[in-house]
Amino acid sequence: MSVFRTYPMRRIRKEEIFLKKILSPSILAADFSILGKQITEADEAGAEYIHIDVMDGVFVPSISFGMPVISTIRKVTDRFFDVHLMIVEPERYIEEFAKCGADGITFHLEATEDVDSVIDKIHCAGCRAGLSIKPETPVEAVRPYLAKLDMLLIMTVEPGFGGQKYIPASTKRIGEARRMAEEMGLSTNIQVDGGITTDNVSVVLDAGANVIVAGSSVFRGSIGENIRRYLEIFSEKSVGKN
Ligand code: DX5
Ligand code: ZN
């Protein structure tokens, strides 16, 4: 008799999945003249990630910033740098983003011909890999890659600009993504980005998201107070409810 036995893939039951709720303030909404100071403020208030939007003027109409800014702000915080690439052919720059201080790199499914090899490149560079989809892309399109991903980003606005309104149809898409992950036995982080406020964050958390990007709603007004309000809401939500 063979010494090898095969076991069915172990599925994770819903109640076993514990996904930490993480706040990722998007510095796109920060005051760039005092960027370091504002990042320090976000860090000290308890934001675990710093969300860094890189835009190339091609994949999205705007141009934001790139490696020199990231390596400069790397000096002011040890927090996780959650780099969101809104650029075409992200494969060209993965190593450089890793070298300038990215901890996680998220790219767009719509921006490359070879999603698998971009994920591999990100992992080879020592970073966590995230894949993002725009509001019109079917959630089903991520299925072939989900098992390899550390994070899935469901855009809740059209990428390109901060300060837009949350697209209500996103709630259903978040739920769809969470169910897909659960059915595959995965506890993938699901991130949402765009139009999130302390008024609608409960809705996206309940739908299954656990990594929350927030730009305007963190950097407008008191950064410390805004972050504390988000963290309060996170802790009010029951553990493992995702
Ligand atoms: C949009 C960016 C977002 C943006 C979010 O393309 O990916 O990260 O900064 O900003 P708010 O939270 O203001 O919608
Ligand atoms: Zn973003």
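The values are calculated or read from the model by the stated rules, or taken from the named source; none is laboratory data. Bear in mind the structure is a predicted one, so any value in this text is a computation, not a measurement. When we count neighbours, we look across all protein chains shown, and the Cβ atoms used for this are built from the backbone with ideal geometry, even at glycine. In case anyone asks, the SASA skips ligands and DNA or RNA and just uses the protein heavy atoms, side chains included. Shrake-Rupley method; radii C 1.70, N 1.55, O 1.52, S 1.80 Å.
For each pair in 20/172; 21/121; 37/134; 21/99, compute the distance between the two Cα atoms and list the pairs where it is over 24 Å.
Details: 20/172 21 Å; 21/121 27 Å; 37/134 32 Å; 21/99 27 Å.
Beyond 24 Å: 21/121; 37/134; 21/99.
Heavy atoms only, probe 1.4 Å: what % of the accessible area of the chain goes to carbon and sulfur, would you let me know? Mind showing how you got there, number by number?
Details: 6110 of 11570 Å².
With neighbouring chains kept in place, the figure for the chain is 53 percent.
If Lys and Arg each add +1 and Asp and Glu each add -1, what is the summed charge of the other residues whose beta carbon sits under 13 Å from the beta carbon of residue 24? The partial results should precede the final answer.
Working: positive: 20, 21, 79, 128; negative: 43, 48, 53, 82, 103, 193.
Its environment carries a net charge of -2.
Kindly state, as a whole number, the per residue volume in cubic angstrom of the convex hull around the alpha carbon atoms of region 24-84.
So the per-residue Cα hull volume is 77 Å³.
Indicate, rounded to the nearest 5 percent, the antiparallel portion of the DSSP beta bridges found entirely in the chain. Mind dumping the intermediate values first?
Values: 1 of 32 bridges.
Around 5 percent antiparallel, to the nearest 5.
Using a 1.4 angstrom probe on the protein heavy atoms only, line up 114, 193 by accessible area, largest first. Before the final figure, lay out the partial values.
On the way: 114 75, 193 15 Å².
Final ranking, largest accessible area leading: 114, 193.
Counting helices only, and only those DSSP H runs with n ≥ 4, report the 222 nm mean residue ellipticity of the chain as the sum of -39,500 (n - 2.57) divided by its residues, in deg cm²/dmol to the nearest 500.
Numbers: 8 runs with 73 residues, N = 242.
The helix contribution divided over the chain gives -8500 deg cm²/dmol.
What does the charge count around residue 215 come to, taking other residues whose C-beta lies under 14 Å from its C-beta (Lys +1, Arg +1, Asp -1, Glu -1)? Don't skip to the answer; put the middle values down first.
Values: positive: 165, 220; negative: 31, 53, 82, 193.
Overall, the nearby charge balance is -2.
Stokes-Einstein D for the chain at 37 °C, 0.692 mPa s, Kirkwood Rh over Cα pairs, in µm²/s? Don't jump to the answer; show the numbers that get you there.
On the way: Rh = 18.2 Å.
Estimated diffusion coefficient is 180 µm²/s.
Please state the shape class of region 101-194: rounded when a/c is under 1.5, otherwise prolate if a/b exceeds b/c and oblate if not, all from the C-alpha gyration tensor.
On the way: a/c = 1.76, a/b = 1.24, b/c = 1.42.
Oblate, because a/c is 1.5 or more while a/b does not exceed b/c.
For region 33-113, give the share of DSSP beta bridges that are antiparallel, in percent and rounded to the nearest 5; count only bridges with both residues there.
On the way: 1 of 11 bridges.
For region 33-113, the DSSP antiparallel bridge percentage is about 10.
Would you mind working out the accessible area per residue for the chain, using a 1.4 Å probe, and quoting it in Å²?
Details: 11570 Å² over 242 residues.
Ligands and nucleic acids excluded, the figure is 48 Å² per residue.
Would you please state which residues of region 179-219 a label at residue 158 would reach in this model, taking the label point 7 Å out along Cα→Cβ and a backbone N cut-off of under 15 Å?
Under 15 Å, as judged by backbone N against the label point of residue 158, lie 195 of region 179-219.
Expected output is a single nm value to one decimal: the length gained when fully extending between residue 206 and residue 184, i.e. 0.36 nm times separation in residues minus the C-alpha distance. What is it? Could you put the intermediate results ahead of the total?
Working: separation 22, 0.36 × 22 = 7.92 nm, distance 1.97 nm.
Residue separation times 0.36 nm, minus the Cα-Cα distance, leaves 5.9 nm.
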